[in-house]
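Okay, structure first, notes after.
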Amino acid sequence: MTDNPKLLSLLGMCRKAGKLSCGHDAAIGSVRSKSARLCLLSSDASERLRKETEREASFGGREIPVRTLFSTMEEIGKAAGLKSAVVTVNDEGFAKTMLGLLDNNWGG
């Protein structure tokens, strides 16, 4: 099963707009700098990465939503231009739209 094509399209637009951090270091960096508005993990992300991302997203009073997609690293790579198990959306508008798609379609 893959994610809503609209969500994957939004990931590509977000990357082109410069509002997407791809990869472990970039994503954790945007979480720590509080620029991240949403963390997305691929379906094949490791359990260790999942736990670290969730811990960072909630550390020190941060309340950054973390969602696991149905899409694999490969599918995210095709949509966003960079193969990655974790990405952060660093724009409130993109994040709200994506959360709406995820939470309404799959219950988050």
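Would you check if Leu7 is more than 22 Å from Asn104 (Cβ to Cβ) and modelled with pLDDT under 95? No: the conditions fail for Leu7. Quickly run through the range 21-34 and pick out the residues that are loosely packed, with under 15 Cβ neighbours inside 10 Å, in contact (Cβ under 8 Å) with a residue 24 or more places away in the chain and assigned to a loop (DSSP other than H, G, I, E, B). Scanning the range 21-34 gives a single hit, Lys34. Do we find that Asp103 is in a loop (DSSP other than H, G, I, E, B) and either open to solvent by less than 60 Å² (accessible area, probe 1.4 Å) or not small (Gly, Ala, Ser) (or both) in this structure? Spelling it out, it is not the case that Asp103 is in a loop (DSSP other than H, G, I, E, B) and either open to solvent by less than 60 Å² (accessible area, probe 1.4 Å) or not small (Gly, Ala, Ser) (or both).
Is it fair to say Met13 is of a type in the set (A, V, I, L, M), in contact (Cβ under 8 Å) with a residue 12 or more places away in the chain, in a helix (DSSP H, G or I) and open to solvent by 40 Å² or more (accessible area, probe 1.4 Å)? When the stated conditions are applied, Met13 passes them.
Looking only at residues of the range 68-80 that are of a type in the set (A, V, I, L, M) and open to solvent by 10 Å² or more (accessible area, probe 1.4 Å), we find that the one that is farthest from Val31 (Cα to Cα) is Ala79. Considering only residues in the range 35-59 that are touching a residue at least 40 places away in the same chain (Cβ under 8 Å) and open to solvent by less than 60 Å² (accessible area, probe 1.4 Å), the one that is farthest from Leu102 (Cα to Cα) turns out to be Ser35. Filtering the range 81-90 for residues that are open to solvent by 40 Å² or more (accessible area, probe 1.4 Å) and without any contact (Cβ under 8 Å) to a residue 12 or more places away in the chain leaves a non-empty set. Applying the set (1) closer than 16 Å to Gly12 by Cα; (2) over 10 Å from the mean Cα position of the chain (by Cα); (3) among the polar types (S, T, N, Q) to Asn104 leaves exactly one unmet item: (1).
The values are calculated or read from the model by the stated rules, or taken from the named source; none is laboratory data. The structure displayed is predicted, hence computed values, not measured ones. Virtual Cβ from ideal backbone geometry, glycine too; neighbours counted across all protein chains shown. Each accessible area value is taken on the protein alone, full model and side chains, heavy atoms only, with ligands, DNA and RNA left out. Shrake-Rupley method; radii C 1.70, N 1.55, O 1.52, S 1.80 Å.
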